[in-house]
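Report on the following structure.
The values are calculated or read from the model by the stated rules, or taken from the named source; none is laboratory data. All values derive from a computational prediction rather than experimental measurement. Counting neighbours? That spans all protein chains shown, and the Cβs are built from the backbone with ideal geometry, glycine included. Just the protein is used for accessible areas: all its heavy atoms, side chains included, with ligands, DNA and RNA removed. Shrake-Rupley method; radii C 1.70, N 1.55, O 1.52, S 1.80 Å.
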Amino acid sequence: MMDDLIRALATDLDGAFPKVVEEMGTQLFWGLRRICGDHQEAEDLTQETFIRAYRALDGYDPERIGSMNLRPWLWTIAMNLGRNHLRDRSRRPTYVEMTMERGVDDPEPVDGAMWDRRLAALSSHQRTAVVLRHVVGLGMSEISQITGRPEGTVKADVHRGLTRLRQTMEEENEH
């Protein structure tokens, strides 16, 4: 499926790109949602990922497009945007503060907020690895390519992150 999409992008970027958005949009959104912890910000980051991807592809020759590994390439763009966002977020009021002031509820269900808190307790490397592996469904080699970390380190991040999540959930059940 992805190979057909890459071939279509190489021959007709404008015609094929909406299919990329359709195929990858939900996956990118939910991965970014779990990483950044905010519904609206994840929507914005997902949209910006596709804008940047389209602009980049528009400058590539068809051979380069035809030889790319699309999913890790898109996730690399998304993760870079996400890292920049998390770094810059400390300079702005938080979503929770703003919504509490306005009395607005997060559209995310309660379980989603609970998972946001659990994931926020992990290191950024663990959170990224766990989300990309278990929310998005990427393989270890793809995660390694996206994050620029060795595959063995990614495996350790996933393992340690899952161990921490299990501990957190066990502690929640004890209370």
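Comparing Glu142, Glu43, Glu22 in a Gaussian network model of the chain where C-alpha atoms under 10 Å apart are linked, the largest mean-square fluctuation is found at Glu22. What do you get for Rg/Rh over the chain if you use C-alpha atoms and the Kirkwood form of Rh? Checking Rg against Rh, the ratio lands at 1.01. Accessible area per residue for the chain, computed on protein heavy atoms with a 1.4 Å probe, is 57 Å². The simple spin-label model puts a point 7 Å past each Cα toward its Cβ; for Tyr60 and Asp12 those points are separated by 1.9 nm. Under the convention that each Lys and Arg Cβ holds +1 and each Asp and Glu Cβ holds -1, the size of the dipole of the chain around its Cα centre is about 720 debye.
Within the chain, helices built from complete DSSP H runs that reach 20 Å or longer along their own axis (Cα positions) and carry a mean Kyte-Doolittle hydropathy of -1.0 or higher are 13-36, 39-59, 70-89. Surface composition of the chain: carbon plus sulfur atoms contribute 50% of the solvent-accessible area (1.4 Å probe, protein chains only, all chains present).
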